[in-house]
Amino acid sequence: MKKLLAVLLSAVMMFSCISVMAVAAEGDSYTKSYFVSVAPECQEKLALTSLSGTNYVIEGGTFQFTVEAINGYVFDQTTVLKVANTHYEADVVLGVESEYGYIISPDADGVYTIENIEEDLYIYVANLEKASFADLKDFLMNMFYFFLNLMKWFFGLA
């Protein structure tokens, strides 16, 4: 039994080596790929969704994605996304005078695009705050008054 297992294992290893060698011989050149991800410090605040379905990009390629605030965080007018090619501490990249990385903005559909990628990239987010109870209370009060005014209008009481 052990001998049969050893023979099968050898055959599998030999086959996989042959197929790997065949792929390497057929390919004309090696294509590098890079990875785009949310910086570790920002992963609890931000979810990134690639439009291509993968976060890997071939060298010189384009990466398109959308982002969503998660875990109770909300976007506002001051929220900024920044891309850096090396993982630094978030406060270093997002500092006011930071020379690391660059700010990116979405198009009209909320899609961010990074072109000509030649290294691994990290996405950082600044000014993304947790929604407060006061914000929720204001929202609910506004909805209540809207509903109340709608009912007044509907029943002709306004």
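Please treat every number below as a calculation from the coordinates, not as lab data. If you're wondering where the values come from, they're calculated on a predicted model, not measured in any experiment. Backbone-built Cβ (ideal geometry, glycine too); neighbour counts: all protein chains shown.
Under the simplified labelling scheme, the Phe147-Gln64 pair shows an inter-label distance of 4.0 nm, with each label point 7 Å from Cα along Cα→Cβ.
Go ahead and run the numbers for FRET between His87 and Phe139, Cβ-Cβ distance against an R0 of 41 Å, rounding to 0.05.
Values: r = 36 Å, r/R0 = 0.88.
Using R0 = 41 Å, I get an efficiency of 0.70.
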